[in-house]
1. At what distance in nm do the modelled label points of GLU97 and PHE37 sit from each other, each positioned 7 Å from its Cα along Cα→Cβ?
2. Mind scanning LYS34/LYS62; LYS62/LYS87; LYS9/LYS53 and naming the pairs with a C-alpha gap bigger than 27 Å?
3. Starting from the Cα-Cα distance between GLU13 and HIS63, subtract it from 0.36 nm times their residue separation and give me the gain in nm to one decimal.
4. Give me a comma-separated list of calculated 3J(HN,Hα) values for segment 18-23, in order, Karplus coefficients 6.51, -1.76, 1.60 applied at θ = phi - 60°, integers in Hz, x for any Gly or Pro.
5. Just subtract the alpha-carbon distance of LEU55 and ILE82 from 0.36 nm times their residue separation and send over the number in nm, one decimal.
6. Quick one: 3J(HN,Hα) in Hz for segment 69-81, Karplus 6.51/-1.76/1.60 with θ = phi - 60°, rounded, Gly and Pro as x.
7. With equal scatterers on the alpha carbons only and no solvent term, can you work out the Debye log10 of I(q)/I(0) for segment 1-83 at 0.16, 0.24, 0.25 1/Å?
Amino acid sequence: MDLIIFRHKTSQEEANKIIEYRLLASCYGAKRRKYFFDLQPSIGALRRIIKAKGLTARRKRKHQKKNDLRLVKAKYLSLEKIQMDIKYLTDIPPYWEQTQRKDPMAHSPRGPPGK
């Protein structure tokens, strides 16, 4: 690992250990890393060391996420993926009686056939 000089009280061995744990569990934040790996430096020191090494990722803004989604959606052909949402009317009191009838079209939004 590269040698990083810190002006704080954290030793180089501890800093290397912190960086090693960051690479091992990159999804953990400083608070979780301190808790799970029993590290001595404070949470602020952990954040500072990781930031100095350049191992933090910038937060994606909303328009960047939308652009990523646009790239994924552009790969699909037209009508390749169709999704429908179904709402069962059994939890709405006025429709409960209609859903209990034997005629499946009785509770259709278009009404019974022939109307």
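Read-outs throughout are calculated quantities, based only on the coordinates presented, and are distinct from any laboratory measurement. Not measured: the values here are computed from a predicted model. Here the Cβ is made from the backbone with ideal geometry for all residues, glycine too, and neighbour counts use every protein chain on show.
1. About 6.6 nm separates the two model spin labels.
2. LYS34/LYS62; LYS62/LYS87
3. 14.0 nm
4. 4, 5, 4, 5, 5, 5
5. 5.7 nm
6. So the J values, rounded to whole Hz, are 5, 4, 5, 5, 5, 5, 6, 7, 7, 4, 6, 6, 10.
7. These q points yield log10 I(q)/I(0) values of -0.67, -1.12, -1.19.
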